[in-house]
Amino acid sequence: MVVAVASALVSAAPAAAHRHRADQRHRGSAAPTVLVDTGQPGCDFLDDAVCLQPWPNDYFTSRDRSTATHRRLDLQLTSMPRNVEGKPIDPSDYNRNDGFSPGSPLVTKVPGLETRKAFHKTGAVPITDMARYADRGQPIVVIDAASGKRNPIWSELDANPTNQRDVNLIIRPSVNFKEGHRYVVALRRLKDESGRTIPPQEAFRVYRDRIPTDQPEVEARRRHMESLFRTLRKAGIERGDLYLAWDFTVGSGRSLTERELAIRDDAFAQLGDRNLSDLEVQGRPPAFTVDKVTDDPDGPDGQIARRVEGTVTVPCYLDLPSCPSGSRFVFAPGSTHGPPVLHPIAGNTTQARYTCQIPRVALSGPRSRAALYGHGLFGSRAEIGQAQLKAFGQEHDIVFCATDWIGMACADLPDVPPSPETIGDILGGRVPPPPDCDLPNTVTILHDLSNFPTLTDRVQQAFVNFMYVGRAMIHPQGFNSNPAFRVPTRHGATRGVFDTKRLFYDGNSQGGILGGALTAVEPDLDRATLGVPAMNFSTLLQRSSDFDTFAAVLYPSYPNELERPLILSLIQQLWDRSEPDGYAQHMTTDPLPDTPRHLVMLQLAFGDHQVANVAAETEARTIGARAIFPYLDPGRSPYRTTRPWGIRGIQSFPEHGSAIVMWDSGSPPPPTVNMPPRKGEDPHEHPRNTPAARRMKSAFLEIGGKVVDTCHHRPCYANGYKGRRGHR
């Protein structure tokens, strides 16, 4: 961007510029004006590095009185990122949103602020000391425009580009932005490597220093910019200190969740249950089949007495028969927002395939707890056969059933999650994919992100599939009515194996992530345990070793390194509909309409290579979970303090709220940049394989359950690690 201006005005300080204009007026001549290069239509000229930066940004919205926020995204096709073939991302689905993601990373390019030394000189709030967001002189702040209060944030420089010129500044919420609220972002007194203050780009100076132009497009924005300066002034931030300021509006709760709630409510209405907030089963059970029964699948001494496989018939809300991979929602012609058409194909259904494992302990005693299980990344329901889950069921008398996270599943893979090598071979076309696998569609998405709704829409269908399987588990005329789910009594009769009073949920990795969103909308459960969880894929992806395989397809398709943080934040606007980032403010307190309140337990693996701890801790802060302290041994945390900022500790046990628990197995601390851990053993699966962690989960997954300390007032250790007292 170039600003042509009289040399005397360009070189003058703001005060001198004001005096110059006053002198001109005194002499009766017109004040000099500047010419702002506003660049490509649809781009914001305040950051000419990337068209849609700074992002997110109300500059890319329009007024719409019909939405909850009275705004709607208004992205232009010509302003969207393009793939290597020059094809822009289709903005149509984004433009149905009435605001931006509550977890959006904020992205802008600051020439001169591109190295760790410059970041340190600036004093920006880092991941290692999030409390500094509240420092009086903090140079990076995000202000709630209504209250004038700062939202907790942390910031970082993109550590991935190979060239310094491609380094963006990224600002992330450490507690999600509030739904429907407008925020003002202020960058002030930023420093370069030498400690010199970085001057604002001239386009912003036009507004900050009240420099006039003759350009209607520039002047049309001036009144709005003045309102930002007033908001910041009330918050104690002077306009003369600013490098840049802009604002954005967060999407409403209705916009974020209405698609899932619409299809959920319709699905349960078809069963005859129209009150989903009372934790009472009403109406009829879903139709189901039992296709295969295997007694003693691991032999007579195994922990599992019976494995049952079959299907549950679920209404399909996508645009192709049976909801196959690649299908998506349909919207009413001419509509600009709102839920999808509930029945794009009359009578369309899909078969949610399930696998249930009845532990040997369930053959005697009272009926067993019923729990859904959520599998890992692009895995399948067959992961219910993992040793850790067999042990969990047998140790604590829980019958688990699993179905596939369609949209992010390979339904016919065996009982172990696919390795990165397997995923890479399928993505690369070196081996044929299983028959019902979303990885081929993922290749299509990674090459052309216009197809991203085919992932998020199908995952929302998966939530309904899970809910229908869960309803079949606890409906008195559901699974319990079939001989496959009946066990003998001492009197020669049989009884259903499930305790139908309540449903529970346990999931790990992808199941811990997507399970958070499922929990927020599930009407039949009020407690869930989320193993190695997180929220906000835009923060998680580059911090996960799993992303290496997908980046090998995405990055060649979108080779502009400067643009990648924007792209990840952009797709977060759609991902919110199918991951906990869009539901977190309703996951525990403030439940969604016609939905019961929920409690959750998050169990983390310290230094997890696949799911970043910081993304789970942001989730914990947002949902109000409390931590079991001590969180880690002294010296283990990558943060300035042993405890993560903003998470309160549990004062006494038992605790009856939501909780976050860190399990340490001795792996190195994670990096403090947006790159994955790669040193040492990956602890990702250690918590679930630790008996003390399973005891903790079992105590929580009960009617009236509680958080208990199975770590005996010390940090929680996994995989045989003894902490500072000893070694494995």
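The values are calculated or read from the model by the stated rules, or taken from the named source; none is laboratory data. These numbers come from a predicted model, not from an experiment. No Cβ is skipped: glycine too gets one built from the backbone with ideal geometry, and neighbour counts run over all protein chains shown. For the accessible areas, the whole protein counts, side chains as well, though only heavy atoms, and no ligand, DNA or RNA atoms are used. Shrake-Rupley method; radii C 1.70, N 1.55, O 1.52, S 1.80 Å.
Details
- Check on Gln610, within 22 Å of Asn689 (Cβ to Cβ), open to solvent by 30 Å² or more (accessible area, probe 1.4 Å) and either touching a strand residue (DSSP E or B) at 6+ places or on another chain (Cβ under 7 Å) or of a type outside the set (Gly, Ala, Ser) (or both): yes
- Scope the stretch 396-425; condition at pLDDT 85 or above and closer than 21 Å to Pro324 by Cβ; matching residues: Ala402, Thr403, Asp404, Trp405, Ile406, Gly407, Met408, Ala409, Cys410, Ala411, Ile423
- Every residue from the stretch 710-723 that is open to solvent by 30 Å² or more (accessible area, probe 1.4 Å), assigned to a loop (DSSP other than H, G, I, E, B), under 30 Å from Leu503 (Cα atoms) and touching a residue at least 40 places away in the same chain (Cβ under 8 Å): Asn719
- Any hit, the stretch 233-244, residues being under 17 Å from Met467 (Cβ atoms), under 34 Å from the mean Cα position of the chain (by Cα) and open to solvent by less than 40 Å² (accessible area, probe 1.4 Å): no
- Test: residue in the stretch 287-301 that is open to solvent by less than 40 Å² (accessible area, probe 1.4 Å) and under 34 Å from the mean Cα position of the chain (by Cα): no
- Hits in the stretch 575-600 (condition: open to solvent by 20 Å² or more (accessible area, probe 1.4 Å) and in a loop (DSSP other than H, G, I, E, B)): Thr589, Asp590, Pro591, Pro593, Asp594, Arg597
- Met535, sole failed condition from (1) under 30 Å from Asn95 (Cβ atoms); (2) in a loop (DSSP other than H, G, I, E, B); (3) out of contact with any Asp or Glu (no Cβ under 6 Å at 6 or more places or on another chain): (3)
- A search for C-beta distances below 6 Å between a residue of the stretch 345-367 that is modelled with pLDDT of 95 or more and any residue that is among the hydroxyl-bearing types (Ser, Thr, Tyr) and open to solvent by 60 Å² or more (accessible area, probe 1.4 Å), counting only pairs 6+ apart in sequence or on different chains, returns Thr350/Ser322.
- Flag for Arg486 being basic (Lys, Arg), open to solvent by 10 Å² or more (accessible area, probe 1.4 Å) and modelled with pLDDT of 95 or more: yes
- For the stretch 222-232, the set of residues classified as surrounded by fewer than 20 Cβ atoms within 10 Å (Cβ to Cβ) and touching a residue at least 24 places away in the same chain (Cβ under 8 Å) is empty.
- Residues in the stretch 341-383 that are among the β-branched types (Val, Ile, Thr) and under 27 Å from Phe331 (Cα atoms): Val341, Ile345, Thr349, Thr350.
- Which listed residue is touching a strand residue (DSSP E or B) at 6+ places or on another chain (Cβ under 7 Å), at pLDDT 95 or above and aromatic (Phe, Trp, Tyr), from Phe537, Phe504, Phe550: Phe504
- Boolean, Thr350 is out of contact with any Asp or Glu (no Cβ under 8 Å at 6 or more places or on another chain), crowded, with 17+ Cβ neighbours inside 10 Å and assigned to a strand (DSSP E or B): yes
- Considering residues of the stretch 653-664 that are over 20 Å from Gly511 (Cβ atoms) and part of a loop (DSSP other than H, G, I, E, B) only, the residue least open to solvent (accessible area, probe 1.4 Å): Gly657
- So Asp214, is it in contact with a His (Cβ under 9 Å, 6 or more places away or on another chain) and not polar (S, T, N, Q): no
- Counted residues, the stretch 601-648 - those being of a type outside the set (Val, Ile, Thr), farther than 22 Å from Asp506 by Cβ and touching a Leu at 6+ places or on another chain (Cβ under 7 Å): 0
- Residues in the stretch 313-343 that are closer than 27 Å to Asp412 by Cβ, in a loop (DSSP other than H, G, I, E, B) and open to solvent by less than 40 Å² (accessible area, probe 1.4 Å): Cys316, Tyr317, Leu318, Cys323, Gly326, Ser327, Phe329.
- Remark: pairs (first residue in the stretch 68-81, closer than 11 Å to Phe248 by Cα; second residue assigned to a helix (DSSP H, G or I); Cβ separation under 6 Å; 6+ apart in sequence or on different chains) = Leu73/Tyr94; Leu73/Asn95.
- Qualifying residues in the stretch 672-692 (those that are out of contact with any strand residue (DSSP E or B) (no Cβ under 9 Å at 6 or more places or on another chain) and open to solvent by 50 Å² or more (accessible area, probe 1.4 Å)) - the one nearest to His375 (Cα to Cα): Asn689
- If you go through the stretch 274-286 and pick out every residue that is within 33 Å of the chain's Cα centre (by Cα) and in contact (Cβ under 8 Å) with a residue 12 or more places away in the chain, you end up with 8.
- Selection within the stretch 189-226 - among the basic types (Lys, Arg) and closer than 25 Å to Gly99 by Cβ: Arg221, Arg222, Arg223
- Some residue of the stretch 37-56 being at pLDDT 55 or above, of a type in the set (Val, Ile, Thr) and more than 18 Å from Thr249 (Cβ to Cβ): yes
- For the stretch 71-82, the criterion of being modelled with pLDDT of 95 or more, in a loop (DSSP other than H, G, I, E, B), within 23 Å of Leu228 (Cα to Cα) and open to solvent by 70 Å² or more (accessible area, probe 1.4 Å) is met by no residue.
- Within the stretch 261-286, considering residues that are open to solvent by 50 Å² or more (accessible area, probe 1.4 Å) and either modelled with pLDDT under 95 or not in a loop (DSSP other than H, G, I, E, B) (or both), the one nearest to Asp576 (Cα to Cα): Asp265
- The set of residues in the stretch 606-652 being over 24 Å from Gln585 (Cβ atoms) and either of a type in the set (S, T, N, Q) or in a strand (DSSP E or B) (or both) consists of Gln610, Ser637, Thr641, Thr642, Gln651, Ser652.
- Taking the criterion of being open to solvent by less than 10 Å² (accessible area, probe 1.4 Å) and of a type in the set (D, E, K, R), the residues of the stretch 489-535 that qualify are Asp506, Glu522, Asp524.
- Residue list for the stretch 102-139, restricted to those being in contact (Cβ under 8 Å) with a residue 24 or more places away in the chain and among the small types (Gly, Ala, Ser): Gly103, Ser104, Gly112, Ala118, Gly123, Ala124, Ala131, Gly137
- Residue identified as buried (at least 22 other Cβ atoms within 10 Å of the Cβ), in contact with a Phe, Trp or Tyr (Cβ under 9 Å, 6 or more places away or on another chain) and more than 14 Å from Ala462 (Cβ to Cβ) among Arg369, Arg381, Arg306: Arg369
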